[in-house]
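**Student:** Quick one: this structure, given as structure tokens, is what I'll be asking you about.
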Amino acid sequence: MDRKLGNVGTKLLLENDRVAIWELRLAPGEKERVHEHTRDYVMVQITGDRVAADFEPDCAGTYASYAGTRYEAEVTPGQVFFAGRGGIEAAVNTGDQPFFEIIIELKD
């Protein structure tokens with residue numbers, strides 16, 4: 001597939017030889033650029049009310065079963081998720097509140 005991929009977050013907060021830590025901030029209705037997770041990662045939801053992920057048809061890894069679909073859920077501040085590498089998607093703030101999440105990429 002010929003496409004230009006974005007970053008996994010909106011701002012890189014810290015990177016060293018073990019981790020890359022990103023923030024992801026989306027205004028209500030905002031969608032980030034499609035990106036690929038080339039590393040395993042942890043997501044920590046901070047604020048928001050609803051968020052979705054639009055998964056690309058070639059999505060792999062933890063969310064491979066959602067390839068080509070949208071998955072939407074409520075945001076639970078403090079909720080933590082682990083996901084394996086391979087996901088190709090774009091997050092969409094489908095709620096009425098600003099969405100804020102921290103993404104921690106684990107380097108091998």
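The values are calculated or read from the model by the stated rules, or taken from the named source; none is laboratory data. Quantities reported herein were computed from a predicted structural model and do not represent experimental measurements. Cβ: placed from backbone, ideal geometry, glycine included. Neighbour counts: every protein chain shown.
**Student:** Within the stretch 77-101, which residues are touching a residue at least 40 places away in the same chain (Cβ under 8 Å), under 15 Å from residue 23 (Cα atoms) and surrounded by fewer than 19 Cβ atoms within 10 Å (Cβ to Cβ)?
**Tutor:** Scanning the stretch 77-101 gives 90, 98, 100.
**Student:** List the pairs whose first member sits in the stretch 1-22 and is within 12 Å of residue 34 (Cα to Cα), whose second member is aromatic (Phe, Trp, Tyr) and at pLDDT 95 or above, and whose Cβ atoms are under 6 Å apart, counting only residues at least 6 apart or on separate chains?
**Tutor:** These pairs meet every condition: 8/22; 9/22.
**Student:** Let me ask another. Any residue that is under 10 Å from the mean Cα position of the chain (by Cα), of a type in the set (Asp, Glu) and surrounded by 16 or more Cβ atoms within 10 Å (Cβ to Cβ) - is there at least one of those in the stretch 37-46?
**Tutor:** no
**Student:** Here's another thing I want to ask about it. If a residue has to be out of contact with any Lys or Arg (no Cβ under 8 Å at 6 or more places or on another chain) and among the hydroxyl-bearing types (Ser, Thr, Tyr) to count, how many in the stretch 1-40 make the cut?
**Tutor:** 0
**Student:** Hey, another quick one. Applying the selection to the stretch 50-60, what residues are surrounded by 16 or more Cβ atoms within 10 Å (Cβ to Cβ) and of a type outside the set (A, V, I, L, M, F, W, C)?
**Tutor:** Within the stretch 50-60, 50, 54, 56 meet the criteria.
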